[in-house]
Amino acid sequence: MSYTPLLTDRSVAVIEPVTRQHTDWLAASAGGTFMGMAACEDGHPEAHAALLRQILTNGIGTRRMGVATPSPDYQQPVRRLAFGLIGTARQETSDGGQCAEVHELAFPTPDSLTAWLGRIAATGLTGPFPPNLRWCVAEVRKALEHLHDPVRLARSALLASTVIPTAKELRRSLVDAIGDLMASDDPRTAQAGRILDAYYVRCRSDHVGVAHRVHLSRATYFRRLDHGLTRIAQQMLARRDAP
C-alpha cells in the first residue's frame, strides 16, 4: 500500500502534523507529490521493488517529491536516492522521542533528471562501491560471457593486468575461481559458485533454467549470481595489488 498525494492546499493541511515547520516550504513550490505512506509485507522483495518503482514514477512524473519519516530504515534509502534534506521536524512530547526528517527530490529541468538517473546508475541503491571493484565486476561478467570464445575473450580489459597476460590464463583463472567458490564452506558462496558453473562454464541453460535447477526464486538467484561475480572480482583485485 502507498499514499502519495499531490502537493495541493488540501493535502498540505493533512501532512502538516508530520512536516510541521517545513510545511510552508513544501507548499511554496507548485506541484509535486508527497510520500505519506509506503507499506509492504515482509518476505516479498519483488513487491518492495515494484512499490518503490511506482512511487518514484509518480514523483518523477510530477518533477518533485517530498517525504517525511522518523524511521532510519526509510531515511537511509531516501538519502541513497539523493533526496535533499530540508530539515528535522520539531519534536513534541507526544512523539515518544521520534523526529521526522523531511526530504525533497526535485527535477526543475530535464538536465537535472538526466543527472540524477546517471548518478543512480553509477552508484546503485546500496551505496557506492570502490570504483575499481565496480569496474572489475563488470569486466568479470563480460569475460565469463565470452568464456568459450577465445577471440572475444582476448579483448577483455582484464588482460591489462600483468598477473593475467593471456586469454588462456584468464579463462583458467575464471574457471578456477568458480571452483573455489563451489568449495567454500559458506553455503551462499558455494551456491553462487554452482550457479556460475552451470550458467557460464557448463552452459546448461538460460538464467531461468539454472534458477529452477538450483531451486531458487529469480530474485535470490540473481543475488547469488552477483555475489559470485563480486567475490571473483575481489580475488582478481587482490592478486593485482599483491606485492
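The values are calculated or read from the model by the stated rules, or taken from the named source; none is laboratory data. Fair warning: this is a prediction, and the values are worked out from it, not measured in the lab. Because the Cβ atoms are built from the backbone with ideal geometry, glycine has one as well, and the counts that use them run over all protein chains shown. For the accessible areas, the whole protein counts, side chains as well, though only heavy atoms, and no ligand, DNA or RNA atoms are used. Shrake-Rupley method; radii C 1.70, N 1.55, O 1.52, S 1.80 Å.
Residue farthest toward the positive end of the dipole of the range 178-243, with Cβ of Lys/Arg at +1 and Asp/Glu at -1: which of Leu196, His215, Gln234?
It is His215.
Set Lys and Arg Cβ to +1 and Asp and Glu Cβ to -1, take the dipole of the chain about its Cα centre, and tell me which of Gln54, Pro72, Ala183 lies farthest positive.
Ala183
On full extension of the chain, what length is gained from Val214 through Trp116, given 0.36 nm per residue of separation minus the C-alpha to C-alpha distance?
31.6 nm is the gain from fully extending Val214 to Trp116.
Per-residue HN-Hα couplings for the range 227-238, Karplus 6.51 cos²θ - 1.76 cosθ + 1.60 at θ = phi - 60°, whole Hz, x for Gly and Pro?
Result, ordered by residue: 4, x, 4, 5, 5, 5, 4, 4, 5, 5, 5, 5 Hz.
Students sometimes get this wrong: rank His212, His227, His48 by accessible area, probe 1.4 Å, all chains present, largest first. Can you show the working numbers first?
Details: His212 145, His227 35, His48 80 Å².
Largest accessible area first, the residues go His212, His48, His227.
Would you work out what percent of the accessible area of the chain, with all protein chains in place, is carbon or sulfur (probe 1.4 Å)?
Carbon-and-sulfur percentage of accessible area, whole number: 55.
Which value, in Å², gives the accessible area per residue of the chain when a 1.4 Å probe is used on the protein heavy atoms?
Ligands and nucleic acids excluded, the result is 58 Å² per residue.
Helix-only estimate, please: 222 nm mean residue ellipticity of the chain, summing -39500 (n - 2.57) across DSSP H runs of length 4 or more and dividing by its residues, to the nearest 500.
-17000 deg cm²/dmol, from helical runs alone.
Please report the relative contact order for the chain, taking Cα pairs under 8 Å with a sequence separation of at least 6, and give it as a percent rounded to a whole number.
Computed over the chain, the figure is 13 percent.
As an exercise, find the ratio Rg/Rh for the chain from alpha-carbon atoms, using the Kirkwood inverse-distance average for Rh.
1.10
Taking the Cα centre of the range 35-86 as origin, sum charge times position over the Cβ atoms of Lys and Arg (+1) and Asp and Glu (-1), and report the length of that vector in debye to the nearest 20. Walk me through the numbers before you get to the answer.
On the way: 5 positive and 4 negative charges, 84 e Å.
Taking the Cα centre of the range 35-86 as origin, the dipole is about 400 debye.
Among the trypsin sites (Lys or Arg not before Pro) in the range 162-243, which ones are in a DSSP loop with at most 12 other Cβ atoms within 10 Å of the Cβ? Mind listing them?
Taking the range 162-243 and a limit of 12 other Cβ atoms within 10 Å, the loop trypsin sites (Lys or Arg not before Pro) found are Arg202, Arg204.
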